[in-house]
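Since the structure comes first, as structure tokens, the remarks are kept for the end.
The values are calculated or read from the model by the stated rules, or taken from the named source; none is laboratory data. Note that the coordinates shown come from a computational prediction; the quantities given were computed from them, not determined experimentally. Note that we place each Cβ from the backbone using ideal geometry, even for glycine, and neighbour counts take in every protein chain shown. Keep in mind that these areas ignore ligands, DNA and RNA; they rest on the heavy atoms of the full protein, side chains included. Shrake-Rupley method; radii C 1.70, N 1.55, O 1.52, S 1.80 Å.
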Amino acid sequence: MKRLKFEELHLSDEMLRAVVEMGFEEPTHIQSETIPTLMEGKDIIGQAQTGTGKTAAYAIPILENIENGANYIQAVVMCPTRELVIQVSDEFQKLMKYKSNITVVPIYGGQEIGRQLKALKKNPHIIIGTPGRTIDHIKRGTLKLENVSFVVLDEADEMLDMGFKDDIELILAKTPKTRQTIMFSATMPEDIMRIMRRHQEHPKQIDVTQKKIDAPKIEQVYFELHEKTKPEALSRLLDLHNIKLALVFCNTRKKVDSLVEILKSRGYFAEGLHGDINQNQRERIMSNFRNGSTEILVATDVAARGIDVNDVEAVFNYDLPGDDEDYIHRIGRTGRAGKSGVAFTFIVGKEIYNMRRIERLNEIKIRRAMIPTLDDLDESRLEGIKNILSETIEKGHLSKFINYIEKLVDEDFVTMDIAAALLKITLDRKNESFDNSMNFHDYTFQETPKEGFKHRKGKSGSRRNDKFRSGGRSGDRSYSSKPEYGFDKKKRDKRKSKENKPWKRKKK
Ligand code: AMP
């Protein structure tokens with residue numbers, strides 16, 4: 001399916017302005033399919049997960065259809081968890097920034113009911129809630145849904161898993177039959193299809209899960225980390241692997257600009273490419289990247305289209321792409337013309353599920369690794385320094401320095417100390433731009449508990465309760481030798497235990 005441009009979606013100027021401000025360059029697949037369909041007044045049943053842009057896919061047409069002069073609830077969005085309610089509300093707030101007098105009220109358990117009652121009395125236009133708390137308000141008579149034009153069931157399979165089936169049926173029954181019903185779910189079990197058959201009319205079916213595409217044969221590694229540690233992680237990986245030409249993908253133009261600034265302040269030759277860059281600038285940037293004077297090109301997917309550079313050593317998914325297909329397009333920029341390449345992917349929190357889906361659909365394996373520590377970087381730099389030392393010794397012309405060292409020895413310095421201190425000074429300088437306090441090991445992804453989860457029947461032990469950990473830190477560019485990609489915690493621990501027990505070291 002052809003992806004449309006936002007300008008082709010007949011959106012209001014206020015909406016287009018908000019979308020540009022949010023840094024969206026073009027609609028995602030799901031948005032291209034959903035927005036026109038909802039604008040035509042049809043129902044939607046869509047298989048899509050977080051990360052595909054599904055929230056904006058329904059929020060944009062809903063916001064475009066709200067009559068702000070009419071003081072009643074016109075849209076209800078149901079989400080399984082309070083976390084998702086807050087996330088969805090934030091997205092609505094951003095998208096309606098330039099629309100006046102539209103009100104959105106989030107309602108979820110755990111939040112003071114008095115505050116919600118006050119907000120509901122003001123006749124908001126849009127309600128975003130968890131089924132449990134929404135039902136509470138319906139029963140209290142504080143929520144009237146008889147004029148609702150849109151009902152959205154977001155992550156429907158999760159809501160069913162949590163035992164909210166009856167609540168959802170009740171909410172649907174309380175809304176007029178003329179409403180548009182939008183359902184998004186990661187999976188499509190028969191339970192959901194049955195409810196939807198009863199409550200939807202000729203819905204358009206949308207499946208944004210992609211067909212398998214051939215993945216290029218390149219090493220693929222992922223790291224779990226916090227959003228705020230991404231710049232440090234990127235710098236450590238660039239330095240550890242001594243990467244001279246890298247393509248870094250971000251999802252928005254804003255992020256591209258801010259990352260370029262960060263990289264420049266850390267001393268890298270970086271430039272950004274996105275939709276706001278004109279053709280002349282683009283040609284200059286591309287030619288700098290081709291001839292290597294720009295080492296790191298930070299780009300959005302749209303801007304990176306058509307980039308054809310053979311020597312890209314590494315592709316970074318600084319943000320996991322919203323579209324599964326984009327992952328393959330992105331990583332295909334490295335490992336070209338018979339050269340080896342590596343793709344590094346940064347994963348934050350729940351994105352791990354999207355990454356697993358990318359793996360499954362493309363039948364690829366992305367290996368988990370740890371962000372290198374500063375010790376890891378030092379180690380790899382020392383290897384590099386060793387090579388430089390032997391070259392320099394071979395070339396000679398060292399008498400001036402030998403004389404100086406002899407002078408120091410006469411002053412009671414020990415040659416071993418002198419050499420060690422020089423190495424330390426060299427490595428410390430290289431580590432100046434790194435943040436030694438940043439501890440990647442501390443990161444654990446854990447979903448916040450679900451509202452009402454324990455008290456309801458239904459499957460327990462959601463697939464989202466797993467914990468994930470990540471690791472490390474590290475150092476320099478020109479001196480580093482190239483170790484294997486990323487760090488394997490087991491290997492590191494083994495190494496550490498050897499360091500602590502020097503007698504166990506292998507004799508050379
Ligand atoms: P969602 O799948 O709705 O959870 O969206 C995932 C992330 O993608 C959110 O941070 C959105 O703001 C962002 N997003 C949504 N649409 C676009 C787009 N067209 N371009 C770039 N980012 C987007």
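Some points to look at:
- Amide proton proximity set for L153, modelled H, under 5 Å, gap of 5+: M78, I182, M183, F184
- Extreme residue, positive dipole direction of segment 219-372, given options I277, F344, L361 (C-beta unit charges): F344
- Selection from G53, P80, G23, by position along the positive dipole direction of segment 1-123 (Cβ): P80
- The length gained by stretching the chain between E363 and L408 to full extension, at 0.36 nm per residue less their Cα-Cα distance, is 10.0 nm.
- 24 Å tail of the calculated P(r), segment 294-393, as % of Cα pairs: 38
- Working from label points 7 Å from Cα in the Cα-to-Cβ sense, the E432 to T415 distance is 3.1 nm.
- Placing +1 on the Cβ of every Lys and Arg and -1 on the Cβ of every Asp and Glu, with no other charges, gives segment 11-130 a dipole of roughly 600 debye about its Cα centre.
- Accessible surface, segment 219-372, averaged per residue in Å² (probe 1.4 Å): 35
- Overall, segment 57-97 carries a charge dipole of about 80 debye about its Cα centre when +1 sits on the Cβ of Lys and Arg and -1 on the Cβ of Asp and Glu, all other atoms neutral.
- Heavy-atom surface of segment 1-109, accessible at 1.4 Å and reported per residue (Å²): 39
- Of the GluC sites (Glu not before Pro) found in segment 56-162, those that fall in a DSSP loop while having at most 14 other beta-carbon atoms within 10 Å are E67, E112, E146.
- Residues S293, S235, sorted by accessible area with the largest first, give S293, S235 [1.4 Å probe; ligands and nucleic acids excluded].
- Distance distribution note for segment 86-216: the fraction of Cα pairs above 26 angstrom is 28%.
- Sequence-distant residues sharing a close amide H with I128 (under 5 Å, placed H): V77, V105, I107
- Applying 1/(1 + (r/R0)^6) with R0 = 30 Å to the Cβ-Cβ distance of N439 and I86 gives a FRET efficiency near 0.65.
- Share of carbon and sulfur in the accessible heavy-atom surface of segment 6-207 [1.4 Å probe, %]: 46
- With both labels modelled 7 Å from their Cα along Cα-to-Cβ, the D375 to N310 distance reads 4.2 nm.
- Measuring against 25 Å, Cα to Cα, the residue pairs K54/K122; K5/K97; K264/K350; K144/K204; K254/K365 contain K54/K122; K264/K350; K144/K204; K254/K365 as the ones spanning a longer distance.
- Phi-based couplings in Hz for segment 404-411 (Karplus 6.51, -1.76, 1.60; Gly and Pro marked x): 5, 5, 4, 4, 5, 4, 4, 8
- Segment 221-322: trypsin sites (Lys or Arg not before Pro) in DSSP coil with no more than 12 other Cβ atoms inside 10 Å: R305
- Inter-probe distance in nm under a simple model that places probes 7 Å from Cα toward Cβ, at L423 and D191: 6.1
- Accessible carbon and sulfur surface of segment 225-279 relative to its total accessible area, %, 1.4 Å: 55
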